[in-house]
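The values are calculated or read from the model by the stated rules, or taken from the named source; none is laboratory data. Predicted model only: the values in this text are computed from it and were never measured. Cβ: placed from backbone, ideal geometry, glycine included. Neighbour counts: every protein chain shown.
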Amino acid sequence: MTRRVHPLFILMTTLTQLRSLVIPIAVILFNDLKNDGFGIYTMIGVVVISFLLLVFGIISWYFYTFTIDEQTIRVNKGIFRKSERTTQRQRIESIGINQNLLEWILGLATLAVETSSDSGKPEVELKGVRLEFAKQLKSTIGTAVLPSAENAETAVTYTVGLKDLVTAGALSGRLGLALVGFGAVYQFANRFIEPYISRAFDELLHLSLMILLILGGMLLLLIYLGSILVFVLRYGSFRATRDKQRMTIGYGLLNRTEIVFHQDKVQALVIEESWIKRRLKRAHLSLHIISASGEEEKLLLHPFIRTSEIDDFLSRFLPRFQLQNPQKRAVERGFVYIVRWPLLGYSLGLLLLNGAMLYTLPEPFRYFGLPFLLLLPVYYAVARSGYQNTRYGHQDDLFVLRKELVNRETIYAPRLKIEAFSSHVSRFLEHKDILKFHLTLRGSTVFHAGYFTQEEFEDVLRWYQQTFLKPPASPAGTRLSDDE
Amino acid sequence: MQPNQPTGDWQHLPRASITAERQYVGIKYTIYLLLIGTATVVQIKWLDLSPWWMWILTGLWTGFFLLQFVYVPKMRQRYFKYRVDDEFLVVEFGIFILRHVVTPLVKVQIIDTSSGPLLRRLKLMNMSVHTASGQIELPGLEVTQAGILRQRIERFAKLEEQEEESL
């Protein structure tokens, strides 16, 4: 069947184009308002641009068609530059439904079909279809590609509660990102609010040091709470369902994302335990499911699971991955080489920061950075004990690589999913018989940890270099053994 | 499944690959020299500008040239080696960082060979083996050496991988 997407696509395209022009339009309107009110030419300009965008939306919708048959999915689009994307249904690795804020308001969705290509974006993307229709399409395509339960096995589902999400958001270390975001917004808004800010600064200068510190603390707290809110909005109503080999993961309060994939397509399971999460006996689970680089590559499986529950959780939702305790430790003599560059970087950063503070800040503030230098020996001590947990191991078809200094990251990768296994070492350390393991998966994903010995590397290679080929099928008429 | 033991001998790059790389670097730097030299003559003669740091840049540039022309090709030829162990391509390379990479041949998606006029004159070619996770460069192989390697990889690329059975 060849058909067009929903007519609301026209409105969505027009509004999306308008949104991309919102900053120049806002600047023009603001300047106009500051001078002598809205000019007639400005109004005409805005109307003409909106009309042109609407016409562009109508034509885009007219030429935007899709065809789904038994073998392929094809999407045609483009007004002057025609594009046709076709993908074989049997190559599909995952199917997702995404909704941005605008689509959510209009009740539309984007169906993203991912294959194993390393292009970095979905192979086929169908924008502007009704959410219900997208779900129907996903199940039509998915049934053929991602086999559903033939036997009446009950699907298992889990959700993540709001309390866990809030705690995970609070411990996700996104304060830095939130600060950068705040800085960017301030930079943009500065030109409009500069006089008010200068006045506020003048008034603040008369306040006592304690009040200034409290105000600064409150601002930081506000940004921190904002970062938690963003986390909750992004991963809210988290729900994952396993139906035999088929997994569906959906999350997002505003921009709803839903991804369906076959369990065989999981490239690796990653268990992250930050220093604080380890104290709380909690972990963050994520999956690498497709080859493409970007956000889709790493999919959240559980943001805040109890470490004691991981084993049971995996046996129910990802039976291929079993929790293991890798036994082979990183060699003692490698620690100095692992820690030297981060330590040097942190030391230089702190020295530069202190230098800048000493020269630029007034008397009471200039020494505030010095206590942070005391964190360096603390980092060294924590990393020293953490390094002893850097380990590897392999059992049956699963390779486990654990890296730890302050935070701990454990990777579980099935042997057949490892695209390349390699060792890296500088020529200087080569003579010390130590090297790092590098494990490459589809796309640009590389996990590495070290240092291990050459002998251990050869041990892993003996495990890795077993056949990757499918065993030949028995010729027709061959008598099956009793077991079969 | 039996573990795959080393079955092939290490193959090294031919001596001619050093000559090929030196010729390439020589031509590249000659073009740079002509462009930068012309700009410098104009700068000194007509614009009357000869800043002190210009001589530091010239020294650094000459140093890079000597490194790339004299040492790097020799070291690359010395350190680069590869072998095929039944189902796996094993490559060892790296001048400052030693890398030992093992890739299953069934994972290979594209084998890309190329040879410019310099390489063709010396009967050499570059080979690039692409997988879904990236590529492995095998520079300056002999044409016959590259042909044999390509045939071996092609044979496995047509076979069926265990993992694809679920599709």
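Descriptive notes on the structure:
- Lone unmet requirement of (1) modelled with pLDDT of 90 or more; (2) more than 14 Å from chain B (Cβ to nearest Cβ) for A:Phe399: (2)
- Residues of the range B:53-99 classified as over 22 Å from B:Val129 (Cα atoms), modelled with pLDDT of 90 or more and of a type in the set (Val, Ile, Thr), total: 3
- Test set (1) free of Cβ contacts under 8 Å to residues at least 40 places away in the same chain; (2) of a type outside the set (S, T, N, Q); (3) over 14 Å from A:Glu419 (Cβ atoms); (4) outside the structural domain of B:Ile27 (by TED's automatic domain parsing) - B:Val101 fails condition number: (3)
- All positions within the range A:436-452 that are more than 11 Å from chain B (Cβ to nearest Cβ) and either aromatic (Phe, Trp, Tyr) or surrounded by fewer than 22 Cβ atoms within 10 Å (Cβ to Cβ) (or both): A:Phe447, A:His448, A:Ala449, A:Tyr451, A:Phe452
- Test for A:Glu404: is it in contact with a helix residue (DSSP H, G or I) (Cβ under 9 Å, 6 or more places away or on another chain) and among the acidic types (Asp, Glu): yes
- Checked against (1) in contact with a Gly (Cβ under 7 Å, 6 or more places away or on another chain); (2) not in a helix (DSSP H, G or I), A:Asn325 meets all criteria but (1).
- Residues satisfying the stated conditions in the range A:351-366, i.e. surrounded by 11 or more Cβ atoms within 10 Å (Cβ to Cβ) and in a helix (DSSP H, G or I): A:Leu351, A:Leu352, A:Leu353, A:Asn354, A:Gly355, A:Ala356, A:Met357, A:Leu358
- Checklist (1) among the basic types (Lys, Arg); (2) surrounded by 21 or more Cβ atoms within 10 Å (Cβ to Cβ); (3) within 29 Å of A:Val406 (Cβ to Cβ) applied to A:Lys265, failing item: (3)
- Residue list for the range A:54-73, restricted to those being in contact (Cβ under 8 Å) with a residue 24 or more places away in the chain and of a type in the set (Val, Ile, Thr): A:Ile58, A:Thr65, A:Thr67, A:Ile68, A:Ile73
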